[in-house]
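Q: Structure provided below as structure tokens; questions to follow.
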Amino acid sequence: MIQGFKEFIMKGNVLDLAVGIIIGAAFGAVVNSLVENVLMPAIALAVGEPNFDNWLALGPDGSVKVGMLLTAVVNFLLIAAAVYFFIVMPMNKLIEARNKKLGIEPEEEVDPQIALLTEIRDALQRPAAGSDGDHVAR
């Protein structure tokens, strides 16, 4: 039982996942710092406030805080934009340049419907498991 656990833990995908989570948590601090210390202050210069928390409060006691939702949505969009423009785009450019240097051509994307039809065709051409291929089950 212990041996099986050790084999499970030592599999590459478990270790890769653990490393990914640790690096992701560490990198999350970088992205949050970019948003909180660079992008949100820039928005504060344009709008006048660093967030929209007090922007729209509804109800007699102001308990429905639409501005807080708006702040969360803006923060999400800023984080997504930061990840895309500072990580995804540069990595795609690096991969594209490396592939060009190595002479690797990008694969043509196959229409998902064509791929599905191809899989169905291939499955129909294979004989059923346990059969000799001479008869068709009805």
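Rule-based calculations on the coordinates, nothing more; no lab input. On a predicted model such as this, the values are computed, not experimentally measured, just so you know. FYI the Cβ positions are ideal-geometry reconstructions off the backbone, even for glycines, and counts take in every protein chain you see.
Q: Express the relative contact order of the stretch 5-138 as a whole percentage, based on alpha carbon pairs under 8 Å and six or more residues apart in sequence.
A: Dividing the mean separation by the residue count of the stretch 5-138 yields 13 percent.
Q: Among Gly48, Ser63, Ala29, pick out the residue whose Cα is farthest towards the positive end of the charge dipole of the stretch 18-131, where Lys and Arg carry +1 and Asp and Glu carry -1 on C-beta, about the Cα centre.
A: The listed residue farthest towards the positive side: Ala29.
Q: Could you pull out the GluC sites (Glu not before Pro) across the stretch 61-122 that fall in loop regions by DSSP (anything but H, G, I, E, B) with no more than 14 other Cβ atoms inside 10 Å?
A: Here the GluC sites (Glu not before Pro) that fit, given the DSSP loop and packing criteria, are Glu107, Glu108, Glu109.
Q: Shifting gears a bit: Measure nothing but the geometry: give the 0 to 90° angle between the long axis through the Cα atoms of 12-34 and the longest principal axis through the Cα atoms of the chain, rounded to 10°.
A: Between helix and principal axis, roughly 20 degrees.
Q: Hey, which lysines would be in cross-link range of Lys93, C-alpha to C-alpha under 30 Å, not counting anything within fewer than 8 residues on its own chain?
A: Qualifying lysines at Cα under 30 Å: Lys101.
Q: Once R0 is set to 25 Å, what does the formula 1/(1 + (r/R0)^6) return for the Cβ-Cβ distance between Ala26 and Arg98, expressed as a FRET efficiency to the nearest 0.05?
A: For Ala26 and Arg98, the calculated efficiency is 0.50.
Q: Report the charge-dipole magnitude of the chain in Debye, nearest 20, computed about the Cα centre from +1 at each Lys and Arg Cβ and -1 at each Asp and Glu Cβ.
A: Computed charge dipole of the chain: roughly 320 debye.
Q: Could you give the spread of the C-alpha atoms of the chain along their three principal axes, from largest to smallest, in whole angstroms?
A: Computed over the chain, the largest-to-smallest principal extents equal 78, 48, 46 Å.
Q: Just to be sure I understand: with springs between alpha-carbon atoms less than 10 Å apart, which residue in Leu124, Leu94, Leu17 has the highest mean-square fluctuation in the Gaussian network model of the chain?
A: Result for the chain, Cα springs under 10 Å: Leu124 fluctuates most.
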